[in-house]
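Chemist: Here you go, one structure.
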Amino acid sequence: MGLLTIYQPEILESKNGFRLQASFKINGKEDTLWYEVDKQYKHCLTYERADAFLVALFLLAFKNQCDIRVEAPLSERLMYTFNTYLLPLTADVRNLKPIKIFCDFAINKPLDNLEAVGTGLSCGIDSFSTICNHLTEQCPPNYKITHFTFFNAGSNGSLGGEKARRLFKKRVEMVKPCAQELGLELITVDSNISEVLELGFYETHTYRNLSASLALQKLFKTYYYSSSYSLKHFELKPNSCGHYDFFNMNMLSTEGMSFFSACPYHTRVEKTKMVSKFKLAYKYLNVCIRDGQNCGGCEKCVRTLFTLELFGKLNEFSRIFNLQNYYRERQKYIAKILARHRSDEYMQEILEEMIKMNFKIPIYSRLASKYLKVKSVV
Ligand SMILES: [Zn+2]
């Protein structure tokens with residue numbers, strides 16, 4: 001078994017602001033992981049604990065079959081949850097050799113924070129659902145969102161690099177006016193976590209994003225991580241940590257900062273319905289997998305638009321989607337739902353809604369779905 005050692009985090013001035021960074025050594029080779037914020041958020045960077053670095057680097061330790069030694073103060077709660085639950089479970093689910101964390105500086109005392117409540121602002125369906133739920137009258141005052149975040153932690157390109165960084169900056173400019181209209185601050189965090197990990201985003205997104213949030217532990221007492229799958233689909237899937245985020249949130253919370261999987265009981269269809277009534281979404285919803293504006297024709301655009309159509313809300317979103325591209329793909333997408341709903345949770349949810357709404361299936365889609373089924377058998 002090899003060893004990954006994490007050293008004391010420190011804050012350094014950089015070209016674009018300030019970086020929280022820590023050196024680490026893996027099997028004798030040294031490297032650095034960093035998180036960068038604008039100047040005005042320097043005081044939020046949490047150098048007093050190595051928590052963010054542990055949450056990011058445990059995946060690298062698994063990849064290289066290393067135990068972890070933390071040579072810096074660490075949340076005792078994290079040390080407990082990792083060694084007792086998260087590491088054994090991860091090893092089991094992903095069929096890897098178990099690893100352990102060692103640290104002589106575990107601390108039980110919570111860090112002082114500014115009692116902020118945060119969530120990511122991507123302007124997608126999950127993100128807007130979290131916002132709808134946590135800015136309403138019904139939300140208790142101490143649980144209302146006070147700050148938005150936007151991270152460069154893999155969602156702009158799993159392996160990072162300059163292309164992902166450019167997309168990150170472009171997307172920040174797109175979501176900024178939405179944060180302004182909601183009257184809340186937007187904190188951006190750039191990071192080299194993707195370059196360090198070299199792992200797929202889909203199977204690791206929770207740990208990457210929560211690691212970036214923990215870098216701001218002196219700001220947040222509560223952080224909502226939007227659920228990507230309904231609890232109805234809870235499953236310990238080896239290649240999808242999002243399927244068991246409800247468990248991850250408890251594992252990654254510290255003495256001073258609590259994570260919640262937001263809107264875990266809603267399906268994607270229910271979330272889309274919620275967002276379809278949120279006026280700000282008519283201007284800012286962005287679900288496209290291509291960079292920039294909503295193309296209207298990619299899988300995610302078509303899925304969202306078709307769901308909005310079921311609720312009679314297509315017009316409200318016509319300004320921010322290219323509907324010509326949507327109508328070109330619509331019937332093919334309905335065919336795919338009919339052919340593949342049994343193996344795709346999102347398609348299954350949409351089909352159930354179609355049945356509920358008594359949706360009239362176009363003949364082309366019926367025929368094309370038969371072709372798709374035959375093709376998948378052959
Ligand atoms: Zn698109």
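Chemist: Could you give me the ³J(HN,Hα) list for region 164-173, computed from phi with Karplus coefficients 6.51, -1.76, 1.60 and θ = phi - 60°, whole Hz, x at Gly and Pro?
Modeler: Rounded to whole hertz, the list is 5, 5, 5, 5, 4, 5, 5, 5, 4, 5.
Chemist: Compute the FRET efficiency between residue 359 and residue 114 as 1/(1 + (r/R0)^6), taking r as their Cβ-Cβ distance and R0 = 45 Å, and round to the nearest 0.05.
Modeler: Efficiency computed from Cβ-Cβ geometry: 0.40.
Chemist: Hey, quick one: spin label on residue 340, modelled 7 Å out along Cα-Cβ, who in region 293-317 has an amide N within reach, i.e. under 16 Å?
Modeler: Residues passing the 16 Å test: 297-307.
Chemist: Explain nothing, just the number: dipole magnitude of region 287-377 about its Cα centre with +1 on each Lys and Arg Cβ and -1 on each Asp and Glu Cβ, in debye rounded to the nearest 20.
Modeler: 440 debye
Chemist: Would you tally the net charge around residue 241, using a Cβ to Cβ cut-off of less than 12 Å, leaving residue 241 out, and scoring K and R as +1, D and E as -1?
Modeler: Charge balance near residue 241 sits at 0.
Chemist: Using 0.36 nm times the number of residues separating residue 106 and residue 16, minus their current alpha carbon distance, what extension gain do you get?
Modeler: Gain in length upon complete extension: 29.2 nm.
Chemist: For the pairs 271/360; 144/221; 332/373; 237/273, flag any whose C-alpha to C-alpha distance is greater than 21 Å.
Modeler: The answer is 271/360; 237/273.
Chemist: Shape call for the chain from the C-alpha gyration tensor, a ≥ b ≥ c root eigenvalues: rounded (a/c under 1.5), prolate (a/b greater than b/c) or oblate?
Modeler: prolate
Chemist: Positive end of the charge dipole of region 116-262 (Lys, Arg +1 and Asp, Glu -1 on Cβ, about the Cα centre): tell me which of 136, 161, 202 has its Cα farthest that way.
Modeler: 161
Chemist: Using Cα centres only, tell me the gap between region 190-265 and region 1-35 in whole Å.
Modeler: 21 Å
Chemist: Once you list every other residue whose beta carbon is under 15 Å from the beta carbon of residue 333, what net charge do they have if Lys and Arg are +1 and Asp and Glu are -1?
Modeler: +3
Chemist: Ok, one more. Please work out how much length the chain gains when fully extended from residue 80 to residue 319, using 0.36 nm per residue of separation minus the C-alpha to C-alpha distance, in nm with one decimal.
Modeler: 81.0 nm
Chemist: Net charge around residue 161, counting only other residues with Cβ within less than 12 Å of its Cβ (Lys, Arg = +1; Asp, Glu = -1)?
Modeler: 0
Chemist: Name the residues whose placed amide hydrogens come within less than 5 Å of the amide hydrogen of residue 185, ignoring near sequence neighbours (fewer than 5 apart) on the same chain.
Modeler: Placed amide hydrogens put 148 under 5 Å from residue 185.
Chemist: Between residue 289 and residue 27, take the C-beta separation as r, use R0 = 30 Å, and let me know the FRET efficiency to the nearest 0.05.
Modeler: 0.25
Chemist: Taking 0.36 nm per residue of separation and subtracting the Cα-Cα distance, what length does fully extending residue 376 through residue 63 add?
Modeler: 109.3 nm is the gain from fully extending residue 376 to residue 63.
Chemist: Let me ask something additional. Just 144, 15, 109 to compare: in a GNM of the chain, with alpha carbon springs under 10 Å, which one fluctuates most?
Modeler: Looking only at 144, 15, 109, the biggest GNM fluctuation is shown by 15.
Chemist: What dipole magnitude, in Debye to the nearest 20, does the chain give about its Cα centre under +1 on Lys/Arg Cβ and -1 on Asp/Glu Cβ? Show your work: numbers first, answer last.
Modeler: Working: 50 positive and 39 negative charges, 369 e Å.
Dipole magnitude for the chain comes out near 1780 debye.
Chemist: Report the label-to-label distance for residue 159 and residue 367 in nanometres (one decimal), using points 7 Å from each Cα along the Cα→Cβ vector.
Modeler: 4.3 nm
Chemist: Quick one: work out the % antiparallel among DSSP beta bridges in the chain, nearest 5.
Modeler: In the chain, approximately 40 percent of DSSP beta bridges are antiparallel ones.
Chemist: Continuing with this model, one more query. Put +1 on the Cβ of every Lys and Arg and -1 on every Asp and Glu Cβ in the chain; which of 96, 226, 2 then has its Cα farthest towards the positive end of the dipole?
Modeler: Value computed over the given set: 226.
Each value in this text was obtained by applying a stated rule to the coordinates, not by laboratory testing. Everything quoted here is computed from the prediction, not taken from an experiment. Positions of Cβ are generated from backbone atoms using ideal geometry, with glycine treated the same way; all protein chains shown enter the neighbour counts.
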